Amino acid sequence: MIDADVLAGLRADAAAQLPEIAALRHALHRTPELGLDLPATQRLVLDALAPLGLEVTTGDRLSSVVAVLRGDRPGPAVLLRGDMDALPVTEDSGEPFSSENPGVMHACGHDLHVAGLVGAARLLAARRAAIAGSVVLMFQPGEEGDHGARLMIEEGVLDAAGSRVVAAYGLHVLSSMLPAGLVTSRPGTMLAAADTVHVTVTGRGGHGSMPHLAADPVPVAAEIVLALQAMVTRQFDIFDPVVVTVGRIEAGTTDNVIPSTARLEATVRTFSEAVHAVVPERLARLCEGIAAAHGMTVDVDYQRGYPVTSNTPAEVDRAAALARGLLGDEAYHPAPQPLSGAEDFSYLLQEVPGVYLGLGATPVGEDPQTAAYNHSAQARFADEALAVGPAVLAALALDRLAEG
């Protein structure tokens, strides 16, 4: 591990630059943007990186920014990532720098990710003489469901330094669960895979007073909902679980008309690639069997979302040691189990070793167990986390590059 003096310097410099990095975070928070096209966010990033003398390119299919920081000596390359997009949420946080774009909010903390990656770039740029290799800084749109990481991989981000990066590192702030500044992760599965399924049951419409003359799809759809809950506990290992949540069900127009179709939509969460691979077939088989038993047909549209986010064990050990070295023995909290959210950082970890971390950002003075969670309109994030995240990311890059 890089020595204590280097870690102390990173910690001190990260704390010293906090006011400027927090100001950048506030500017980003005021002007949130959705999806893959984030021109205002991209401009703030480009302006913030301009003084650092990096090799900067922008994306073709999305408004990404890729910046390569070259060390003074040759060596491998590593990647640090920060996602940039916001959510379609009307802000109700009470922050003085709240969103100025109606209906759009940085409710997931990506403004801290962007500002934190700029902070890490500044820390690393000041240490070029100590770097043997390169650091690829990946500023990514479209994490919230638009597969931005996959698009950036297709556009060459992993080879931006001229050779394939040997590791990738990222983190996600948490507006609850952990006090500000504490770091968490775990080897193997860190986050779930998240898929979506649309089911349409087709029967035959009729009068509500004479259901025997129709083929009512509503009770069939209801039976499917209940059967899905039984399926996940009877066909899958409870220690490698599947979570199916039906979030929408729709049928009919009034009380006394039997509709011809009933529709439901569900999210499906899995925690291993093995289970992720077989869920679509088993779910479709269940729906088709129930519909057939009632003489009806069903269409199952299963849509793959993000894969499982699986950390490399050795890189988790590296992150834990560096967090403790930077912040003290109590700074790193091993996650006892995966989180059921999903992340497109998973695409990077399918290609190269790496680790995805959680970083506590609960506002100072609030209880992490009751504070508003990420994606809430009331979510607030502590600026103090920006004195930690950049130092952790920079330390990960320096430590891995020191291995050669």
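The values are calculated or read from the model by the stated rules, or taken from the named source; none is laboratory data. Predicted model only: the values in this text are computed from it and were never measured. Positions of Cβ are backbone-derived with ideal geometry, glycine not excepted, and every protein chain shown enters the neighbour counts. Accessible surface areas use protein heavy atoms only, side chains included; no ligands, DNA or RNA. Shrake-Rupley method; radii C 1.70, N 1.55, O 1.52, S 1.80 Å.
Checking the structure you have, find out if any residue of the range 159-182 is open to solvent by less than 20 Å² (accessible area, probe 1.4 Å) and at positive phi.
Yes, because at least one residue in the range 159-182 is open to solvent by less than 20 Å² (accessible area, probe 1.4 Å) and at positive phi.
Please pick out the residue among VAL89, VAL114 that is among the aliphatic types (A, V, I, L, M), open to solvent by 10 Å² or more (accessible area, probe 1.4 Å) and within 18 Å of the chain's Cα centre (by Cα).
VAL89
When you scan the range 243-265, how many residues do you find that are surrounded by 15 or more Cβ atoms within 10 Å (Cβ to Cβ) and touching a His at 6+ places or on another chain (Cβ under 9 Å)?
Summing the residues that are surrounded by 15 or more Cβ atoms within 10 Å (Cβ to Cβ) and touching a His at 6+ places or on another chain (Cβ under 9 Å) in the range 243-265 gives 4.
Criterion first (under 25 Å from GLY205 (Cβ atoms) and surrounded by fewer than 19 Cβ atoms within 10 Å (Cβ to Cβ)) does GLU273 satisfy it? So that I can check it myself, show each step before the final result.
Details: under 25 Å from GLY205 (Cβ atoms): no; surrounded by fewer than 19 Cβ atoms within 10 Å (Cβ to Cβ): yes.
Criteria not met by GLU273.
For the list (1) surrounded by fewer than 22 Cβ atoms within 10 Å (Cβ to Cβ); (2) on the phi < 0 side of the Ramachandran plot; (3) touching a residue at least 60 places away in the same chain (Cβ under 8 Å), I need the number of the one condition that VAL135 fails.
(1)
Looking at SER98, is it among the hydroxyl-bearing types (Ser, Thr, Tyr) and closer than 23 Å to GLY358 by Cα?
In short, no.
Can you tell me how many residues in the range 207-235 are part of a strand (DSSP E or B) and in contact with a His (Cβ under 9 Å, 6 or more places away or on another chain)?
Count: 1.
Could you name every one of the helices (runs of 4 or more DSSP H) located completely within the range 1-71 that has at least 2 residues being of a type in the set (Val, Ile, Thr)? Write out each step before concluding.
Details: elements: 4-16, 18-30, 39-49.
Fully inside the range 1-71 and qualifying: 39-49.
Of all residues in the range 334-391, which are outside any loop (DSSP other than H, G, I, E, B), open to solvent by less than 10 Å² (accessible area, probe 1.4 Å) and aromatic (Phe, Trp, Tyr)?
Listed by number, the list holds a single entry, TYR356.
Looking at ALA15, ALA50, can you tell me which residue is open to solvent by 10 Å² or more (accessible area, probe 1.4 Å) and closer than 18 Å to LEU386 by Cα? Walk me through how you get there before you give the answer.
On the way: ALA50 fails: closer than 18 Å to LEU386 by Cα.
On inspection, the qualifying residue turns out to be ALA15.
Going by the structure shown, is THR309 buried (at least 16 other Cβ atoms within 10 Å of the Cβ) and touching a Phe, Trp or Tyr at 6+ places or on another chain (Cβ under 6 Å)?
Yes: the conditions hold for THR309.
Being farther than 14 Å from GLY119 by Cα, of a type in the set (A, V, I, L, M, F, W, C) and more than 20 Å from the chain's Cα centre (by Cα) is the filter here; which residues of the range 375-400 pass it?
LEU398
Run down GLY170, GLY145, GLY162, GLY156 and say which single residue is modelled with pLDDT under 95 and not charged (D, E, K, R).
Answer to the selection: GLY145.
Scan the range 247-260 and report the pairs whose first residue is within 11 Å of VAL218 (Cβ to Cβ) and whose second residue is loosely packed, with under 10 Cβ neighbours inside 10 Å and at pLDDT 95 or above, with Cβ atoms within less than 8 Å and a gap of 6+ or a chain change.
Matching pairs, first to second residue: PRO259/THR253.
If we scan the range 22-35, do we find a residue that is β-branched (Val, Ile, Thr) and open to solvent by 30 Å² or more (accessible area, probe 1.4 Å)?
Yes: one or more hits.
Tell me the residue from PRO187, PRO141, PRO211 that is surrounded by 20 or more Cβ atoms within 10 Å (Cβ to Cβ) and either at negative phi or touching a helix residue (DSSP H, G or I) at 6+ places or on another chain (Cβ under 8 Å) (or both), please.
Values: PRO187 fails: surrounded by 20 or more Cβ atoms within 10 Å (Cβ to Cβ); PRO211 fails: surrounded by 20 or more Cβ atoms within 10 Å (Cβ to Cβ).
Just one listed residue meets the conditions, PRO141.
Suppose the filter is more than 22 Å from the chain's Cα centre (by Cα), over 30 Å from HIS26 (Cα atoms) and without any contact (Cβ under 8 Å) to a residue 40 or more places away in the chain; does ALA284 pass it?
Judged against the criteria, ALA284 is a match.
Taking the condition of being out of contact with any helix residue (DSSP H, G or I) (no Cβ under 8 Å at 6 or more places or on another chain) and either without any contact (Cβ under 8 Å) to a residue 40 or more places away in the chain or within 13 Å of GLY188 (Cα to Cα) (or both), how many residues in the range 293-314 meet it?
Result for the range 293-314: 3.
Of the numbered conditions (1) surrounded by 16 or more Cβ atoms within 10 Å (Cβ to Cβ); (2) more than 13 Å from ALA385 (Cβ to Cβ); (3) not polar (S, T, N, Q), GLY328 satisfies every one except a single condition; which is it?
The failed condition is (1).
Which one of these does ALA107 not meet: (1) open to solvent by less than 30 Å² (accessible area, probe 1.4 Å); (2) assigned to a loop (DSSP other than H, G, I, E, B); (3) under 27 Å from ALA397 (Cβ atoms)?
Failed condition: (3).
Let me spell it out: the conditions are (1) basic (Lys, Arg); (2) within 23 Å of VAL166 (Cβ to Cβ); (3) surrounded by fewer than 18 Cβ atoms within 10 Å (Cβ to Cβ), and ARG43 meets all of them except one. Which number is the exception?
Result: ARG43 fails condition (2) only.
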